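Just so it is clear, none of the values below were taken in a lab; they were calculated from the coordinates. None of the values given here were measured: they were computed from a predicted structure. Glycine also receives a Cβ, built like all others from the backbone with ideal geometry; neighbour counts cover every protein chain displayed.
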């Protein structure tokens, strides 16, 4: 038998690596904001159709046009070398993706929708799915479906919101609760996923979403392990759908159980997976509950970066999706596999934590939040465009949803115990 002399596939150049490209796209945007650039972020909040006049204004249209130009041009310039002759089709497709992203943000800006904790990602996914099922998806449009790139750009910018000062502000009880909730709930949920024969890639995203803070954590985990975007859309959908009944049922349960406001707020902050649902649920109890719930949720949110970093290292060491690593990989192999955009995330966090005052960081983050959410919204539009609805329902045969619910049930009980010990005056004193 002739020896196979086929050369191994060439490694992609750095300018074809979306990890590096995401950093190259995000860093100038962060630097521009730090230098004083104040992008006009569209104001899309509304309550009834009577408020449309406040949304459909000349200034808002101008803001939409300006951020759209930034989104399309930055993405096209950074991806130009890898796109080659497809740059113009990409620009056309990116304009459609951006338009759908704006519609998704407009729908999620409705006050009742916001009160129920339904975030922009679910509308972005739904709009992408509607387009892919009802309208044609020509090649020029699919050229702009760059889900991983958009997600990674958003994650690098997310690093700017993870501030060391915020961790200190969260207070000792909040940090202790987060320190005990995250690893324990993550481990239990991941073990449950394996017991239910849910693959590890799915398990990482599910476990991270349950244990930290839902959608943002799932996005960070997916990026850290280079995860399947369809699985990410599944996880985010179930996170948001689960948050609604919990938000409605838990406040009355807290009152029925006779828990004090601090314990109730800490319980809600540690179990509800979206910041919006935490705010809405704690407001049903008291201002004190809202303050405590916000502190606890903040304590978990600031640990996203640590979680993403350690998950990426662990995933790299184990050999990726199949976990077939039989011997310790070399430093070179670890570096090759390591998701480089995580370094951009960490650098942004360090810069905003230590290179500027908290006031400056907060002001800059107001603009970066709008840009970050734009890139995340575009990513979920792209997931919808490249997904068939039947594919989502088939994923895992219902086992991932069962694992999520099992992990969330444990999270509810475990977090209640910790909230009672830490905020009920049992361990920390009154």
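How would you rank 27-33, 347-353, highest first, on the average number of other Cβ atoms within 10 Å across their residues?
My ranking of the peptides, most packed first, is 347-353, 27-33.
Please find the FRET efficiency linking residue 55 to residue 413, where r is the Cβ-Cβ separation and R0 is fixed at 51 Å, and quote it to the nearest 0.05.
That gives a FRET efficiency of 0.75.
Within 10 Å of each residue's Cβ, count the other Cβ atoms and sort 236, 208 from fewest upward.
Final ranking by Cβ density, sparse to dense: 236, 208.
Describe numerically, in nm with one decimal, the distance between label points set 7 Å from Cα along Cα→Cβ at residue 253 and at residue 286.
The answer from the label model is 2.1 nm.
Just report the Cα centroid separation between region 370-425 and region 84-98, whole Å.
About 31 Å separates the Cα centre of region 370-425 from the one of region 84-98.
Classify region 70-127 from the C-alpha gyration tensor, please: rounded if a/c falls under 1.5, else prolate or oblate depending on whether a/b exceeds b/c.
prolate
Any idea what the alpha-carbon Rg over 2.2 N^0.38 Å comes to for region 122-228?
1.34
Relative contact order, percent, of the chain when contacts are C-alpha pairs under 8 Å separated by at least 6 residues?
That works out to 27 percent.
Give the label of the value calculated from the structure for volume of the Cα convex hull per residue in Å³, choosing from (1) 131; (2) 146; (3) 177.
(3)
Where does each of 271-278, 246-253, 177-184, 302-309 land if you order them by average Cβ count within 10 Å, highest first?
Averaged packing, sorted descending, gives the order 271-278, 302-309, 177-184, 246-253.
Using per-residue counts of other Cβ atoms within 10 Å, averaged over each peptide, order 39-46, 261-268, 129-136 from highest down.
Listed from highest to lowest mean packing, they are 261-268, 39-46, 129-136.
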